[in-house]
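A short write-up of the structure that comes next.
The values are calculated or read from the model by the stated rules, or taken from the named source; none is laboratory data. Only a predicted model underlies this, so the values are computations on that prediction, with no experimental measurement involved. Every residue, glycine among them, receives a Cβ derived from its backbone with ideal geometry; neighbour counts consider all protein chains shown.
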Amino acid sequence: METVLRSATRDVVIGPGQPFCVIGERINPTGRRIFQEQLRAGDLSRIEIDVAQQIEGGAMVLDVNMGAPLADEAELMVAAVKLIQSRTDLPLCLDSSIVEVLEAGLASYQGKALVNSVTAEDERLDAILPLVARYGAAVIGLPNDEEEIPADPRRRLELAAKIIDTATGKYHIPISDILIDPLAMPIGADTEVVLRTLETLDLLRSEYGVNTTLGASNVSFGMPDRTAIVAAFLPMASAAGLTSAIMDARSPDLVRAVRACDLLLNRDEWGGRWIAAHRAAQARQTGA
């Protein structure tokens, strides 16, 4: 099963036989005080820097979150989408918990975006999925509801099934346009959480074959040497069925980890992309 995202001029295909899709996480004001202040002042110059750095790092899709406190998030989302699409042809993942912000972003976007995200709560499904259907977008489904973020992988599968059944049955969204997040939780809180995530990925692959994504940095939250943890986690998750991740595309260690996994799992025929990336890195070093 393949999920196709589009900008005005480029397609990116996510699927088990495709290269692991790196979704750059950086265009997000969470935890970035100066960026928040710039956004409140209407200054979008930092976005241009973040776009350039993530493209150089190897991002294939860019996540866009404009949730700065005390700012007009819908207005910022529209401005950011237009600015980013004037600077790159990478597809975008529109990231907000506010329906009006998602709608504003989708209305201004040229192409087929990825919506981040919808939970299994009835109210959220009936608010967000109609937008996904109307604009022909793809969507990330989170298998939690108003009652729980389940620990049991089989309960996560049940909630994923609810999202898939509602999206395909009620709103006629193709199953190929649904990515499920298997829920990556902080390893520092419970050392069994990654095993549950991997089991959830295996269940999703065997039961539905849908594409998957997650916030890769979540797994290392609160731990020292976070990059090493995420760099180890991503190949494990990819081998278990993860086909994309929202991650720090500026980190050479993380991007190399997923590219090496592509090579080792025969998603990079004759190692062409691995060799090309190595040569490009050598050229940059020589130039520097």
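Among the conditions (1) of a type outside the set (Ser, Thr, Tyr); (2) crowded, with 21+ Cβ neighbours inside 10 Å; (3) outside any strand (DSSP E or B), the only one that Gly141 does not satisfy is (3).
Among the residues that make up the range 176-198, is at least one of them β-branched (Val, Ile, Thr) and within 19 Å of Ile14 (Cα to Cα)? Among the residues of the range 176-198, at least one is β-branched (Val, Ile, Thr) and within 19 Å of Ile14 (Cα to Cα), which makes the answer yes.
The residues on offer are Ala277, Ala239, Ala231, and the sole one that is part of a helix (DSSP H, G or I), of a type in the set (Gly, Ala, Ser), touching an Asp or Glu at 6+ places or on another chain (Cβ under 9 Å) and touching a residue at least 24 places away in the same chain (Cβ under 8 Å) is Ala231. Just one of the listed residues (Gly222, Gly188) is more than 22 Å from the chain's Cα centre (by Cα), in a loop (DSSP other than H, G, I, E, B) and in contact (Cβ under 8 Å) with a residue 24 or more places away in the chain, and it is Gly188. Looking across Gln53, Gln38, Gln85, one residue alone is among the polar types (S, T, N, Q) and within 18 Å of Thr9 (Cα to Cα). It is Gln85.
Any residue that is assigned to a loop (DSSP other than H, G, I, E, B), under 24 Å from Asp50 (Cβ atoms) and among the hydroxyl-bearing types (Ser, Thr, Tyr) - is there at least one of those in the range 201-218?
yes
Results for (1) more than 20 Å from Ile23 (Cβ to Cβ); (2) among the aromatic types (Phe, Trp, Tyr); (3) in contact with a helix residue (DSSP H, G or I) (Cβ under 7 Å, 6 or more places away or on another chain), shown as yes or no for each residue.
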position: Val219; (1), (2), (3): no, no, yes
position: Ala232; (1), (2), (3): no, no, no
position: Gly272; (1), (2), (3): yes, no, no
position: His278; (1), (2), (3): yes, no, no
position: Ala283; (1), (2), (3): yes, no, no
position: Ala288; (1), (2), (3): yes, no, no
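Just to be sure, is Ile47 assigned to a helix (DSSP H, G or I) and modelled with pLDDT of 95 or more? Yes. The set of residues from the range 159-185 being of a type outside the set (A, V, I, L, M, F, W, C), assigned to a helix (DSSP H, G or I), touching a residue at least 24 places away in the same chain (Cβ under 8 Å) and farther than 19 Å from Asp63 by Cβ comprises Lys162, Thr166, Lys170, Ser176.
Kindly check whether there is at least one residue in the range 73-80 that is in contact with a Gly (Cβ under 8 Å, 6 or more places away or on another chain), under 14 Å from Tyr109 (Cβ atoms) and outside any helix (DSSP H, G or I). Checked against the condition, which is being in contact with a Gly (Cβ under 8 Å, 6 or more places away or on another chain), under 14 Å from Tyr109 (Cβ atoms) and outside any helix (DSSP H, G or I), the range 73-80 yields no hits at all. Could you go through the range 248-263 and let me know if any residue there is in a helix (DSSP H, G or I) and over 23 Å from Ala237 (Cβ atoms). No; the residues of the range 248-263 include none that is in a helix (DSSP H, G or I) and over 23 Å from Ala237 (Cβ atoms). Criterion applied to Ala79, Ala59 was being over 17 Å from the mean Cα position of the chain (by Cα) and hydrophobic (A, V, I, L, M, F, W, C), and the one residue passing it is Ala79.
Listed by first and then second residue, the pairs with beta-carbon distance under 6 Å, at least 6 apart or on different chains, first residue in the range 139-150 and without any contact (Cβ under 8 Å) to a residue 40 or more places away in the chain, second part of a loop (DSSP other than H, G, I, E, B), are Asp145/Ala120; Asp145/Glu121; Glu146/Glu121. Of the set (1) surrounded by 16 or more Cβ atoms within 10 Å (Cβ to Cβ); (2) in contact (Cβ under 8 Å) with a residue 40 or more places away in the chain, all apply to Pro130 but (1).
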